[in-house]
1. Say the cut-off is 22 Å between C-alpha atoms; which of K95/K163; K163/K269; K130/K163 go over it?
2. Translational diffusion coefficient of region 61-190 at 20 °C, 1.002 mPa s, Stokes-Einstein with Kirkwood Rh over Cα pairs, in µm²/s as a whole number.
3. Calculate one ³J(HN,Hα) per residue across region 285-292 by plugging θ = phi - 60° into the Karplus curve 6.51 cos²θ - 1.76 cosθ + 1.60, and present them in order as whole Hz with x for glycine and proline.
4. How long is the chain along each principal axis, judged by its Cα atoms, biggest number first, in Å?
5. Hey, with R₀ at 56 Å, roughly what FRET efficiency would R261 and S37 work out to, going by the Cβ-Cβ distance, to 0.05?
6. Report the FRET efficiency, 1/(1 + (r/R0)^6), for V65 and A229, where r is their Cβ-Cβ distance and R0 is 51 Å, rounded to 0.05.
7. Run the quick spin-label model on N254 and R92: label points 7 Å from Cα toward the beta carbon, then report their separation in nm to one decimal.
8. By per-residue mean of other Cβ atoms within 10 Å, what is the highest-first order of 295-305, 131-141, 60-70?
Amino acid sequence: MNGTIIIAVAAYEGAELLDVTGPIEVFNMLNRCLAESEPQRPGYRIVILAEKAGPFCTCPGVRIVADHAWEDLPEQADTILVPGSPDDALERAMKEQRLLSWLAAQGPHARRLVSVCTGSLLLAEGGLLKGKRATTHWLDLDRLRNYPGVHVENDAIYTRDGKVATSAGVTAGMDLALALVEEDFGRKTALAVARRLVMFLKRPGGQAQFSTQLRAQMVEGGQLAPLLAWLRENPCDKATVEDLAQRAAMSPRNFARVFLRETGKTPAKYLDQLRLERSVALLEETTLPLERVARESGFTCAEQMRRVFVREMGVTPLAYRTRF
C-alpha cells in the first residue's frame, strides 16, 4: 500500500486493556521492523479515540490517553478497530449513542472495520454485522446470535467477511492484527513481526481448544446435570445414546431433544468434546504414547482421536503436543 495507514481505535471507558494495547503492539512492531529494513516505507499511525480527548480508564484500572473524541477524528481512518469489555462496561458502551452513531456513520467509509472480543457486539448493535460472518469470545457467542442476520462462527480465532473482521477473546485480537499486517505488507514482513513478538503467524486450532466442557459447566442444575457430572468422570468409550438415555431415565428421542437444548450439542458431539478435553490435558501434561492417550481419553484408538482433533482443532494430536 502507498502512504501511512491510519488505524483508529474506537475505545471507551472500561474497555479491556489488552483489546486496545494488544493489536497496537502488533502494529507498532510492524513500524519497528520497517524502520530497520525499509526505513523509507510508510507504516501505521495509531489514533486512539474515546468519549473525549484525554485520559480514560480501562477495565483493569490502567489509564490510556485518547488523542481525540470519536467525532473529532480529523481525517478518514483506513481501519477502525473496536475493542471489547466486560459486561458492565459493555452494557454502558452499547447504550452510548454517540459511539454507535459514529461507528454507523464512519464504518461504511473505512477500508476495514475490525472488532476484538465483545467489540463485535458493538458492531452488531450498530447494525454493521448484518449479513456478515462474525465471531466473538466463546462466552458471548449466544449473545451475538441474538442479532438477526449475523452468521456466527463458533470456533474461529478470527473471521473476515469483506471489509469486516472480527476476533475471539482478548489475545485473538493480536492474531487478527497480525493477519492485517500480512494483508498490508506481505507474508515475509508479517512473519518477521510474529517472530519479534514470539507469536504464531497463524495460531493452530480454534476457540474449541480453550472452551471444552463449557456447556457442562453452564447447564449445572439443569435436567441433565447429574448425567453430565457422570460423563465428566467416565471415559464412556462405548457409550451409546440409548445407554445415556436409559441412565437419564428418558426415551432416546426425548433424551436427544433435551440434550441438544441444554448443551447446544448432540450427545455424540458432546462425547467427542469430552474425550478431546481429556486428550488435550494428557498431551500437555504427560509423555504417554498417542495410543495410550487415546484409550485413557475414551477414544477407541489413536486414529479416532486424530480424526476428532483435526476436525475440531485443525491440528493433529502430535502437532498439538509439539506446540503446547
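1. On the way: K95/K163 25 Å; K163/K269 33 Å; K130/K163 13 Å.
Result: K95/K163; K163/K269 exceed 22 Å.
2. Values: Rh = 15.0 Å.
Reported coefficient: 143 µm²/s.
3. 10, 10, 10, 4, x, 4, 4, 6
4. Taking max minus min along each principal axis of the Cα atoms, the chain gives 66, 43, 35 Å.
5. On the way: r = 55 Å, r/R0 = 0.99.
It comes to 0.50.
6. According to the calculation, E is roughly 0.55.
7. With each label placed 7 Å out from Cα toward Cβ, I get 4.8 nm.
8. On the way: 295-305: 18.4, 131-141: 21.4, 60-70: 14.3.
Most protected by this proxy first, the peptides run 131-141, 295-305, 60-70.
Readers should treat all values here as calculations from the given coordinates under stated rules, not as data from a laboratory. Here the structure is a predicted model, which is why all the values come from computation and not from measurement. Positions of Cβ are backbone-derived with ideal geometry, glycine not excepted, and every protein chain shown enters the neighbour counts.
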